Amino acid sequence: MAILVRLDEKLHERRMTLTELAARVDITVANLSILKTGKAKAIRFSTLEAICVVLDCQPGELLEFRREDQGDEAIAAEA
């Protein structure tokens, strides 16, 4: 997928669980899990805004665009 979701990293930085974030954002843990694993096809701006408010971050800290053709090269460079 070309859009990577960095929710795990931000939750770790904030020492917050997915369950706690779900309660504070008023979204189900199942839906947040779908987002976290990169299986979501879309996200509402209102949900993204609520997550950013709770995690005190910018959308760009949660989402990253990576070209499909750069996938393997970028992963190798991170390692």
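Bear in mind that the values in this text are calculations on the coordinates, not laboratory data. What you are looking at is a predicted structure, and each value in this text was computed from that prediction instead of being measured. So basically every Cβ, Gly included, is an ideal-geometry build from the backbone, and we count neighbours across all protein chains shown.
Of all trypsin sites (Lys or Arg not before Pro) in the stretch 16-62, which ones are in loop regions per DSSP and have a Cβ with at most 13 other Cβ atoms within 10 Å?
Lys39, Lys41, Arg44
Can you run phi through the Karplus equation (6.51, -1.76, 1.60; θ = phi - 60°) for the stretch 55-64 and list ³J(HN,Hα) in whole Hz, with x for Gly and Pro?
8, 6, 8, 9, x, x, 7, 9, 10, 9
Under 5 Å between amide H atoms, partner at least 5 residues away or on a different chain: which partners does Arg66 have, H built in plane at 1.01 Å?
For Arg66, the qualifying residues are Ile3, Leu4.
Arrange Val25, Val54 by Cβ neighbour counts within 10 Å, fewest through most, would you?
Ranked by crowding around the Cβ, least crowded first: Val54, Val25.
In nm, to one decimal, how far is the modelled label at Ala42 from the one at Asp56, with both set 7 Å along Cα→Cβ?
Distance between the two pseudo-spin positions: 3.3 nm.
Any chance you could list P(r) for the chain, counting all Cα-Cα pairs in 5 angstrom bins from zero, rounded to whole %?
Spelled out bin by bin, the chain gives 3, 14, 26, 27, 14, 10, 6, 1 percent.
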